[in-house]
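**Q** Have a look at this one before I ask anything.
Here, each number is a calculation from the coordinates, and none is a lab measurement. From a predicted model like this one, the values you see are computed outputs, not experimental measurements. When we count neighbours, we look across all protein chains shown, and the Cβ atoms used for this are built from the backbone with ideal geometry, even at glycine.
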Amino acid sequence: MSSRIEQLIDEIEEFIDNCKYKAFSTDVIMVNKAEIDDLLRELRMKTPEEIKRYQKIITNKEAILNDAKQKAQELLNNAAVQTNELVSEHQIMQQAYEQANEIVEMATRQAQEILDNATIEANAVKSAAMQYTDSMLANLESVLKESIATAARDYNTLVGNLQEIENIVTANRAELVPSEESMGEMQSVTETDTGNIALI
């Protein structure tokens, strides 16, 4: 069964696949920033199963150590019973105690090794999971930033082009429909020309 983080990654990939391409482009897409932000936020909040396993190991470390100590104590008790049964002289008793101490030390070392190995493994799993998740988020973030920047640049270019076209249309209209001041000047010139003709 896949984890929630894997499902989120699949959803992000599906989201990107379903985004519409920008006009006249086959590799630049238009992204809904709010929707992709929601997916990224949930992705960051989810904890991979490997990290949960690490937390479980750390949580149970006391139980592991206590279990090892209990086994060591049982070994010590068994050694004490055997010692009591075998002791008939001080030398035998001393030897039994030394053996019991060795057993306790050995059990303690084994318990510590189990805890150390579990901690190392958990830290390695956590580090790998965090690096993997961060790498994927970094790649996705880079793609989104590039897409947003490209879309903004193209939009500004389009607005500039439309403004230039509007200026040309306005100028053309002005040439086709003279203003009142221009009409007045034309009428004055006509009257002057007429007067000149009359004088001749």
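**Q** Looking at Ile114, Ile120, Ile92 in this structure, which one is aliphatic (A, V, I, L, M), surrounded by 14 or more Cβ atoms within 10 Å (Cβ to Cβ) and either in a helix (DSSP H, G or I) or touching a Pro at 6+ places or on another chain (Cβ under 9 Å) (or both)?
**A** Going through Ile114, Ile120, Ile92 in turn, the sole match is Ile114.
**Q** Among (1) surrounded by 10 or more Cβ atoms within 10 Å (Cβ to Cβ); (2) without any contact (Cβ under 8 Å) to a residue 12 or more places away in the chain, where does Ala100 come up short?
**A** Only one criterion in (1) surrounded by 10 or more Cβ atoms within 10 Å (Cβ to Cβ); (2) without any contact (Cβ under 8 Å) to a residue 12 or more places away in the chain is unmet by Ala100, namely (2).
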